[in-house]
1. Which condition breaks for residue 294 when tested against (1) out of contact with any helix residue (DSSP H, G or I) (no Cβ under 8 Å at 6 or more places or on another chain); (2) at positive phi?
2. Of the residues 268, 308, 253, only one is within 20 Å of the chain's Cα centre (by Cα), farther than 30 Å from residue 463 by Cβ and surrounded by fewer than 16 Cβ atoms within 10 Å (Cβ to Cβ); which?
3. Which of the residues belonging to region 390-403 are among the hydrophobic types (A, V, I, L, M, F, W, C) and closer than 30 Å to residue 341 by Cβ?
4. Quick one: what pairs do we get from region 96-118, first residue over 21 Å from residue 54 (Cα atoms), second open to solvent by 10 Å² or more (accessible area, probe 1.4 Å), C-beta under 6 Å, 6+ apart or different chains?
5. Return only the number of the condition from (1) over 21 Å from residue 360 (Cβ atoms); (2) open to solvent by less than 50 Å² (accessible area, probe 1.4 Å); (3) modelled with pLDDT of 95 or more that residue 350 does not satisfy.
6. Only one residue in 314, 289 is buried (at least 16 other Cβ atoms within 10 Å of the Cβ), at pLDDT 95 or above and among the aliphatic types (A, V, I, L, M), so which one is that?
7. Going by the conditions given, is residue 400 open to solvent by 10 Å² or more (accessible area, probe 1.4 Å), among the aromatic types (Phe, Trp, Tyr) and more than 29 Å from residue 37 (Cα to Cα)?
8. Criterion first (within 14 Å of the ligand (Cβ to nearest atom), modelled with pLDDT of 95 or more and in a helix (DSSP H, G or I)) does residue 270 satisfy it?
Amino acid sequence: MYHKIINMSSKNKFYISTPIYYANAAPHIGSTYTTVAADVLARYHKLLGDKVFFLTGTDEHGDKIARSAAKAGKSPQAFVDEQAANFLEAWEKMNIGYDNFLRTTDPKHKLAAQKALEYLYSNGYIYKGEYRGLYCVGCEQYKTEKDLVDGQCPDHGVKPEEMLEECYMFKLSAFADDLKNKIEKDELRILPAERKNEVLGFLRTEKLEDIACSRKNVKWGIALPWDSEHTTYVWIEAFLNYLTGLGWDGDPKSAPEMWPPQIQLMAKDILRVHATIWPALLLALGLPIPETLFIHGYFLVDGQKMSKSLGNVIAPEDLINKYGADATRYLLMSATVFGRDGDIGWTKFDEKYNADLANGLGNLVARTSNLLEKNEIEIELKAGGDQDLISKFNSEIANYHFDEALRVLWQKLREMDEYISEQAPWKIKDKAATLPILKTVAQNILNVVVLLQPFMPATAEKIIKQFSEKRIKKGEALFPRIGDAKVDKRAGN
Ligand code: MSP
């Protein structure tokens, strides 16, 4: 088979994670974007022959979840069970090949988190204190005055609650210099560069304070093993998922084999905590820190922030229902530069789907296979592909330029489209004379599709199978054009 022809017999370890998503909301196009990108990278590294582990999951404890459960009239556990099932279903539909889906209510995660906290407490990294602050329930975070806009949390549009409580504190301040150094030297690499600068700017101008790591009045959480009146602050606990998701039992002396992560993906909303609390926790535990944090951007819909009140939310299942999983993956990954905000919208998606998938890949495969079948041509395509194409593609992926990597492939498809149109093999009477033309096109399609596997796994597999036969036959239409009423299943269309 051709599946492995980008195999460069690399045998590296590749541990990749997404954030664990709050189990109080349905999968969002933003969490879908992170998860699809992680899936593309994980599949790509599997094709290279790397030892890959891809972790995702749900963040199920804390005040915010408990309040959402109460609002829904459900027990917190029943509520998160339902929510987690929604994520699992969405990722299955999106063809996400994670190696583990970690739920923080998993008893093994709880036990390991307690063991780790116990270690931090007995080694003096956690101490008893008191915290007064402005707490935003939406963010599950204390806010400084500086974070607020007109006294309100800019992300949630609500005034944070003033709180004073006895709590345990984590000695974050002790790691300020170490963190700054490690980020400066790229020992903790933060990408893109502007995000690294943003974090360094913050670390250089603001004093890193110790943070509250427990809550006394939040029952829905993991109890501190030495003081059961307190539960762990959800953010501290959540970070440990990246370790417990590998089966870690909480013992700092035995890191899992796949530790540390080669890359952790997220959007800018949670960069600061991932660049401070998270590596500080690891330093306190004496464990290696992640190699790279990659911060991608947000989607705007037709120039506006996506929000329920504007009624412009694009849900992942709407995309899948309209375009199918592979096309959705393609549309998301090609929509914008990974790392920058990007503008999306139904019109843009429809146009891109028709241009690149229906008229592009789909039509080229159909034309070529149809002629091969009609002219009864027998060919054998070779594995190994096109080194130039492979190296261009690889270098874009190495820089996380997913949209560019896809452009490299589509450029090749366009060349083949032009070539076949120029040669017009359908006009050639002598069937045998069409062989070299069709073989060239078929070989190039195969070269492209092999590289496309991480992005569009089901489509690529179909075409690879089709083009692995000596006698290639015309298959079913891969991407019916959008615009035909029968194709457009989205409500309201
Ligand atoms: N539970 C925490 C993360 C803990 S990780 C130890 C959390 N959850 S979240 O559900 O709010 O997910 C945040 C992440 O979801 C973002 O960092 C990003 O990966 C993705 N996105 C959710 N909405 C998004 C957008 N509107 N745009 C882009 N991505 C966003 O924070």
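1. (2)
2. None of the others qualify; the one that does is 268.
3. 393, 397, 398, 402 - these are the residues of region 390-403 that are among the hydrophobic types (A, V, I, L, M, F, W, C) and closer than 30 Å to residue 341 by Cβ.
4. Close Cβ pairs (under 6 Å, with a partner that is open to solvent by 10 Å² or more (accessible area, probe 1.4 Å)) amount to 114/225; 118/225.
5. Unmet condition: (1).
6. 289
7. no
8. Answer is yes for this residue.
The values are calculated or read from the model by the stated rules, or taken from the named source; none is laboratory data. Treat the numbers as computed from the prediction; the structure is a model and nothing was measured. Virtual Cβ from ideal backbone geometry, glycine too; neighbours counted across all protein chains shown. In case anyone asks, the SASA skips ligands and DNA or RNA and just uses the protein heavy atoms, side chains included. Shrake-Rupley method; radii C 1.70, N 1.55, O 1.52, S 1.80 Å.
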